[in-house]
Structure formats: C-alpha cells, structure tokens
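Reading through the structure tokens given below for one structure.
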Amino acid sequence: MMTFSVRPYHPGDEESLVALWNACLPRDLIAPTVFQAKVLLDPNFDPLGLLLAQEGKQTIGFLLALARRYPLFSAGLEEQHGWITAFAVHPAHRRQGVGRALLTAGLQYLRARGRKLAWFSPYAPGYFTPGLDAAAYPDGLAFLQTQGFVTAYQALSMERSLADFCYPPEATAAEERLVSEGIVIRPYQPNDLWPLLAFTAQFFGGDWERFLRQALGHIVDGEWPGDVVWVARESEEIVGYCQHTGERFGPFGVREDYRGRGIGLVLLCRCLERMKGKGHHNAWFLWAGERAAHLYARVGFHEARRFHIMKRET
C-alpha cells in the first residue's frame, strides 16, 4: 500500500500544481498566470478548499472545492450549492485510494460550510470547463459515477470556421419580417445600457451579468467598439441580445416568450457577420444546451466537445 497524505494549499504549491494539472488534463492545459487569475484571485477562493495529495514531497493529486462567499449579481450566494471545478490524480497513482481521499475531503469541506449539493463543475465566474468531458477523461466519469455523482444535464462546446460564412437567406427573410413586426436588431448604442442590464438580470442573471458588465465597461471606456454587443429591441424593450469577445461568441439569449420568431437566428448571424468583417477566422463557445445547439448547427457550427454536468449530495 502506498502512503500519502491530503493537505490544503500552501503558497509555493503553484509550480507543482500546474505541472500535475497539465500532466493529467491534456485537453485543458493551463498556464501559471491563468491558474493565478482563475484560482488564487477568485474572491471565493479559500486555501482550505484547494486540496493536495502528496506522497513524500511529490504532489500526486489535487481537488479544488468552492463555496460562494460573495454574491454573483442576481444569483446571490447560492447557499445550498458547492462546486468542484478541478480534480485529478497522476496516472501512476490511480486506483490506490488517492482520488477517493481527495473527494471525501472536498465534500467534507463543502458540508462544513452548509452546502447540501456538490456540482461538477458549473461554477461562475471561475470555471475551466462546464463539466466533465467524458470523451477526453472516461476514467474520470467512471470514478465520479462510482462515488455517487449523476449527470444532471449535458453541455456542448461548438465551433465553426468563418471563412465560408455568408449571411443566410433565411436570416434575411426573418429580419425583414421582424422589422415589419416592430423588432429591430442592431449593434449596441448608449441608450441600450440600462435596459440591457435590466433585461439580463431579469431573464438570465448570474454570470451573464458579469460578462455583459465587463463588455459594457470596455465599450464605455472606448476600448471596444459597440458592435461586440448586439440587441433585439421592440420599441423601448430589449427582448434578446448576444455578444462576442474576440473569437469567443456569447452569452446569447432571447426572452422565452419571444422565441421561435427568428430573433435568435438574426442576432447570431449579424454578430458572426461582423466578427468575420473584423478579421476573425473562427467562432466558438464553451457551453450550450441541446436546444440551442440545433440553432447553431443550422448556421454551420459543429460539436467540438461534450460535457457532463454532474451532482451529488454532500
């Protein structure tokens, strides 16, 4: 039997953690600066929630558990929920109880903070992937299932080349019809700012608000053009919006009672058209549900990765 111990993070662990991360998670490599930004600078980070398994002085596994200490806009503190956003054991040390010990300690950390449900891993703002990529890490999926985690739903990451993108005729027809119905789709203008914030908080909330506020801050400061954000308006009311950051598309949403009218199609295609015009070669996003994936597929997106969002009681 191997001898190992589990302890919380200490300053100075970063180099060994990042090296282990990249050895275990080749589809999700991470640079030291990204680790610092997304883990250590996360306001909800607690050193006691970053657990390391060690054999002597060698780090052989780690787990990052988080319980929200600061509210995420309208999502609040989500006091019943905790998250495991990263978890790995070195291949040479698997099936020896290391993963089980790390997970037990991580769940105990969440339980001690009153969290009744543990999620893998849709935590905002600092998630790395929406969940577990079963194609890339089948052993990870099997392990979590043996430990009582079940798949709550799946998220798709999709992408498309913009080289052959042309504004499709069906979007043209939809846009003409929408104009006749009083719905206009156009790039962001200053008078959209407050209605757009209110729309996002009411109908989507949480991390959407963070993404939008970041984009609007860059626009207001003159660092980004207004056309990184697109809105659908009916008179004074916002009924849909999308945005992009470089080649990353999203967030993107239409008010539920306005869906099925082509608003999403036009928003998506107008934004892609502008992205191509700016010289971007690709468009991609990390997270969409099955229903939204059908719309993306209509305009040439294909599935790149599929993630299992998993949960269990602590």
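The values are calculated or read from the model by the stated rules, or taken from the named source; none is laboratory data. These numbers were taken from a predicted model, which means no experiment stands behind them. Using ideal geometry, Cβ is built from the backbone for each residue, glycine included, and neighbour counts are taken over all protein chains shown.
For this structure, a couple of remarks:
- Selection from region 1-39 of residues that are among the small types (Gly, Ala, Ser) and more than 18 Å from Gly99 (Cβ to Cβ): Gly12, Ala19, Ala31, Ala37
- Within the set Arg255, Arg261, Arg305, Arg248, the sole residue that is modelled with pLDDT of 95 or more and farther than 25 Å from Ala174 by Cα turns out to be Arg305.
- Residues in region 144-163 that are within 20 Å of Cys271 (Cβ to Cβ) and out of contact with any helix residue (DSSP H, G or I) (no Cβ under 9 Å at 6 or more places or on another chain): Ser157, Glu159, Ser161.
- Candidates are the residues of region 86-122 that are part of a helix (DSSP H, G or I) and of a type in the set (Gly, Ala, Ser); the one that is surrounded by the fewest Cβ atoms within 10 Å (Cβ to Cβ) is Ala92.
- Pair list, Cβ < 8 Å and 6+ apart or interchain, from region 138-151 residues that are in the same structural domain as Arg27 (by TED's automatic domain parsing) and of a type in the set (A, V, I, L, M, F, W, C) to residues that are in a helix (DSSP H, G or I) and crowded, with 19+ Cβ neighbours inside 10 Å: Phe143/Gly99
- Test: residue in region 25-32 that is surrounded by 12 or more Cβ atoms within 10 Å (Cβ to Cβ) and touching a Pro at 6+ places or on another chain (Cβ under 8 Å): no
- Residue list for region 28-47, restricted to those being in contact with a strand residue (DSSP E or B) (Cβ under 6 Å, 6 or more places away or on another chain) and touching a residue at least 60 places away in the same chain (Cβ under 8 Å): Asn44
- Residue in region 137-154 that is of a type outside the set (A, V, I, L, M) and more than 26 Å from the chain's Cα centre (by Cα) present: no
- If the condition is being in a loop (DSSP other than H, G, I, E, B) and either farther than 14 Å from Phe249 by Cα or in contact with a Leu (Cβ under 7 Å, 6 or more places away or on another chain) (or both), then region 273-299 contributes Gly279, His280, His281, Gly289, Val299.
- Condition met for Leu50 (in contact with a Pro (Cβ under 7 Å, 6 or more places away or on another chain), crowded, with 18+ Cβ neighbours inside 10 Å and either touching a residue at least 24 places away in the same chain (Cβ under 8 Å) or polar (S, T, N, Q) (or both)): yes
- Unmet requirement for Gly253, which otherwise passes all of (1) over 20 Å from Tyr167 (Cα atoms); (2) touching a helix residue (DSSP H, G or I) at 6+ places or on another chain (Cβ under 8 Å): (1)
- Residues considered: Arg233, Arg312, Arg270, Arg306. Of these, the only one that is touching a Ser or Thr at 6+ places or on another chain (Cβ under 9 Å) and either crowded, with 20+ Cβ neighbours inside 10 Å or in a strand (DSSP E or B) (or both) is Arg306.
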